[in-house]
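Participant: Questions regarding the structure given below will be posed in turn.
Derivation of every value follows stated rules applied to the coordinates shown; laboratory data play no part. Note that the coordinates shown come from a computational prediction; the quantities given were computed from them, not determined experimentally. Neighbour counts are summed over all protein chains in view; Cβ atoms, including those assigned to glycine, are modelled from backbone coordinates with ideal geometry.
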Amino acid sequence: MIVRMSKVEIAGPKGLLQDVLSMLQESGIFQIEPTTLGFVEKVEERYIRPFLPDERSLSERLFLEDIKAKIGELFSYLPQVSVRKSYIEPRSIIDTVAENLKRHLTSCKELSQKKDALQKESDEINRYKIFLDAIESILRGIEKAPDIDFIGLTIKDAGAVEDLKTLLSRLLKDRFELLTAMASDGSLVGLVIAEKRLSEKIRGMLSDERIPEFTFPPYLSSLSFPEKIAFLKERIWGLNSKIKVLNEGLGRFAARWMPIYKRVMEWIDERRSLLSATASVFETRMCFLVYGWMPSGDVSKIRKQLIDAFEGKVVIEEKEIREEDMERVPVAIKNPEYFQPFELFVRLLPLPRYASYDPTPFIGIFFPLFFGMILGDAGYGIILMILSLFLAKKFKKRRNIQDAVRILLISSIYAIFFGILYGEFFGELPKILFGVEPICIERRTAIMPVLYFAVTVGVVHIILGIFLGAITAFKKKTKREALYKLLNIIVILCLMVLIASLFDIFPGLFTKPVVIAILILTPLLFFTGGLLAPFELLKNIGNIISYARIMAIGLTSVLLAFVANSFTGMAGNIVVGVVVAGLLHLINIILGVFSPTIHVLRLHYVEFFSKFIEPGGRRFEPLKK
């Protein structure tokens, strides 16, 4: 339901402004109005001006913005770890926090830069790791001698190994050895072993043949090949150890100080919000004035808090909400616990205006009712109930999922109820197995009665919507529009009686008086609704006919369940028949969730709410932490 709002003015000595705003922020129930429009009479406007923050307030804002920027920079140097919640009150120690922040920022920046430098070197050396791991297995079995040289190769194609051996044999005869090993990435690593005096010849030949030699960092040029391998292995280990130590140090710092600085950030946001609120405050020569909106039920509570905190120096006054204010009154929606989950559907719609209606109770009443009428199978309802209970337990902390699950639970209860009335439990199983007849009707055969019932529901639903629209029109003092809507209701009822008489549902003696009543009311429709009045009437009738989908979609579900049960006997094999029937029932359950949901929401959004809901509301956004 839309919460009743009060238009209020709060006034007091200028020196108490920040304390008053802080109290209002703590309460979280007051929305500041940044203009005097509607709050101050024209004759009073010359004495009131926008509040001008003093130099101290501006300095504080700059100071807090600087601290927030530095904390943000500090967090960029720290690892993202889960930390405890801090409950300190930063206001009294903000200067100490600022001093510590300078030191912490400097030290963490240095540690982070050092870690980044080590990580960069580690990343560069790790490019050699695949080669090192592969070549180490080759070197392990080779005797190292001072006059022997090693030349590493990266061989792209395994078929090129024999060609390379041929080239080396042609150049060196048998004075070399070529060993290969498979690297972890699937490439082939080669090692040419030969006398040092032949190294230049080998490298020249490799260059001519465009066979890439594996090169090491330049600063290792003075070391032998095995020494280079050993050095890089040791350096990788050393770098990883140093990076680990730095990460642990930053992690310990984050665990100790991040909760405090997060709390400081929260407090700064609250404080900046408070300082920004002063831009919407007004003043006279001696006092401040705050205009705004709050729930009517909370006015007395705030009045008592102001009296207790400021000893009567700050007062709150309720002002009359005039007709021109109705467009500006903010809208807050609050519903009983049963209806709260259905706000999930209402959040998809534009916010209604303050003078309109909250759609939540209507959708909370009619959605599960229509859902149950369409699905109408006790077996399916039990499955959905069990599923909803399971999902409710699994997703306890996900609000939207919890709301959807509660809607499903309520709707499944209605499906079970209508399933009992229709005699449906996984289709017509009660009748097949136990000969149980439906309490009311069997939907598969009684198509016309179900259609009449669905259309009757549509008549009630649409007439309710039009009636609520008429009430809204009376509230807005547009009596002509209200009369037009009431005439629509009467004409629709007359037409329904006339149609029912033609189908022998009502006695024929109703026909003549009803026709006369329609002829009399038609000119009145033109007078109150204009030339387009008949089209609006036809639209309402079309909306009513749309409710026939309740019958049509429900009949589809019944027939699919009937087909599923028929397969049990037609398959020739009981196991196969049960499996096929089970799959069809599963498909029917899935369709039985989504199809009724989509169509019932459409009946509400398009046919029902359009009759009385006025969108365009201004959301209630109170000053709060």
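Participant: FRET efficiency for residue 591 and residue 532, Cβ-Cβ distance as r, R0 = 51 Å, nearest 0.05? Could you put the intermediate results ahead of the total?
Facilitator: Values: r = 39 Å, r/R0 = 0.76.
About 0.85, to the nearest 0.05.
Participant: Report the full-extension gain for the segment residue 126 to residue 222: residue separation times 0.36 nm, less the Cα-Cα distance, to one decimal in nm.
Facilitator: Length difference between fully extended and current span is 32.5 nm.
Participant: How large is the charge dipole for the stretch 402-507, taken about the Cα centre, if only the Cβ atoms of Lys, Arg (+1) and Asp, Glu (-1) carry charge, to the nearest 20 debye?
Facilitator: 820 debye
Participant: Roughly speaking, what is the centre-to-centre gap between the stretch 446-463 and the stretch 477-502 when only Cα atoms are used, to the nearest Å?
Facilitator: Measuring centre to centre over Cα atoms gives 18 Å.
Participant: With +1 on the Cβ of every Lys and Arg and -1 on the Cβ of every Asp and Glu, and nothing else charged, how large is the dipole of the chain about its Cα centre, in debye rounded to the nearest 20?
Facilitator: 740 debye
Participant: Another question, if that's okay. Amide H to amide H under 5 Å from residue 426: which residues, 5+ apart in sequence or cross-chain, H placed 1.01 Å off N in plane?
Facilitator: Under 5 Å from the amide H of residue 426 lie the amide H atoms of 378, 379, 380, each far enough along the sequence or on another chain.
Participant: Listing 424, 320 from the residue with the fewest other Cβ atoms within 10 Å to the one with the most, what is the order? If you can, show how the numbers build up before the last one.
Facilitator: Values: 424 30, 320 7.
Fewest-to-most ranking of 424, 320: 320, 424.
Participant: Could I ask something else about it? Measuring from centroid to centroid over Cα atoms, what is the spacing of the stretch 592-625 and the stretch 247-271 in Å?
Facilitator: Cα centres, the stretch 592-625 to the stretch 247-271: 42 Å.
Participant: Hey, got the dipole for the stretch 257-300? About the Cα centre, +1 on K and R Cβ, -1 on D and E Cβ, debye to the nearest 20?
Facilitator: With only Lys, Arg, Asp and Glu charged at Cβ, the dipole is about 160 debye.
Participant: Return the distance in nm (one decimal) between the two label points of a simple spin-label model at residue 114 and residue 95, each offset 7 Å from Cα along Cα→Cβ.
Facilitator: So the label points at residue 114 and residue 95 sit 3.3 nm apart.
Participant: Once R0 is set to 51 Å, what does the formula 1/(1 + (r/R0)^6) return for the Cβ-Cβ distance between residue 244 and residue 200, expressed as a FRET efficiency to the nearest 0.05? Kindly include the intermediate steps, with their values, before the conclusion.
Facilitator: On the way: r = 42 Å, r/R0 = 0.83.
Taking R0 as 51 Å, the efficiency between residue 244 and residue 200 is 0.75.
Participant: Calculated FRET efficiency, residue 235 and residue 163, Cβ-Cβ r, R0 45 Å, to nearest 0.05?
Facilitator: Calculated value: 0.80.
Participant: Moving on to the next point. Starting from 0.36 nm per residue, how many nanometres of slack lie between residue 88 and residue 441 once their C-alpha separation is accounted for?
Facilitator: So the extension gain works out to 120.4 nm.
Participant: Beta carbons within 10 angstrom, averaged per residue: use that to sort the peptides 254-263, 411-420, 322-331, highest first.
Facilitator: Most protected by this proxy first, the peptides run 411-420, 254-263, 322-331.
Participant: Using Cα centres only, tell me the gap between the stretch 395-418 and the stretch 20-34 in whole Å.
Facilitator: So the separation of the two Cα centres works out to 36 Å.
Participant: Could you run the Karplus curve 6.51 cos²θ - 1.76 cosθ + 1.60 with θ = phi - 60° over the stretch 24-39 and give me ³J(HN,Hα) per residue in whole Hz, x for Gly and Pro?
Facilitator: 5, 5, 5, 6, x, 10, 10, 9, 7, 9, x, 10, 8, 4, x, 9
Participant: Below 9 angstrom from the Cβ of residue 331, what's the summed charge of the other residues (Lys, Arg +1; Asp, Glu -1)?
Facilitator: +2
Participant: Under 27 Å between alpha carbons, and skipping anything fewer than 8 positions from residue 14 in its own chain: which lysines qualify?
Facilitator: Of all the lysines, those that pass the test against residue 14 - Cα under 27 Å, at least 8 places apart if same chain - are 42, 301, 304, 313, 319, 624, 625.
Participant: Among 68/334; 115/262; 196/233; 85/396; 156/201, which pairs are too far apart, with a Cα-Cα distance over 27 Å?
Facilitator: From the list (68/334; 115/262; 196/233; 85/396; 156/201), the Cα-Cα distance tops 27 Å for 68/334.
Participant: Quick one: if you stick a label point 7 Å off each Cα along the C-beta vector at residue 107 and residue 35, how many nm between them?
Facilitator: A separation of 5.4 nm, rounded to one decimal place.
Participant: If you take percent of Cα pairs over 41 Å apart from the coordinates, which of [x] 61; [y] 33; [z] 38 do you get?
Facilitator: Of the listed options [x] 61; [y] 33; [z] 38, [x] comes from this structure.
Participant: A follow-up question, please. Note down the nm distance, to one decimal, between modelled labels 7 Å out along Cα→Cβ at residue 601 and at residue 503.
Facilitator: Taking the two extended label points, one gets 3.0 nm.
Participant: Separate question: Give the aspartates and glutamates reachable from residue 539 as a straight Cα distance under 19 Å; neighbours fewer than 8 places away on the same chain don't count.
Facilitator: Correct list for residue 539: 481, 607, 614.
Participant: Pairs of Cα atoms under 8 Å, at least six residues apart: use those to get the relative contact order of the chain, whole percent.
Facilitator: Numbers: 772 pairs, mean separation 133.2, N = 625.
Taking the mean separation of contacting Cα pairs over the length of the chain, I get 21 percent.
Participant: Could you pull out every residue, at least 5 positions away or on a different chain, whose amide H is within less than 5 Å of the one on residue 30? Hs are placed 1.01 Å off N in the peptide plane, and Pro or chain starts have none.
Facilitator: Under 5 Å from the amide H of residue 30: 623.
Participant: Residue by residue, what Karplus-based ³J(HN,Hα) values in Hz, rounded to whole numbers, does the stretch 247-253 have, using 6.51, -1.76 and 1.60 with θ = phi - 60° and x for Gly and Pro?
Facilitator: For the stretch 247-253, the Karplus-derived couplings read 4, 5, x, 5, x, 5, 5 Hz, x marking Gly and Pro.
Participant: Okay, moving on. Short version: ³J(HN,Hα) in whole Hz for each residue of the stretch 275-285, in order, from phi by Karplus 6.51 cos²θ - 1.76 cosθ + 1.60 (θ = phi - 60°), x for Gly and Pro, what are they?
Facilitator: Result, rounded to whole Hz: 5, 5, 5, 5, 5, 9, 9, 10, 8, 10, 5.
Participant: Can you list residues whose amide H is under 5 Å from residue 617's amide H, if they're 5+ apart or on another chain and H is modeled 1.01 Å from N?
Facilitator: 351, 353
Participant: Which of the three applies to the stretch 339-423, rounded, prolate or oblate, going by the alpha-carbon gyration tensor with a ≥ b ≥ c and a/c under 1.5 meaning rounded?
Facilitator: oblate
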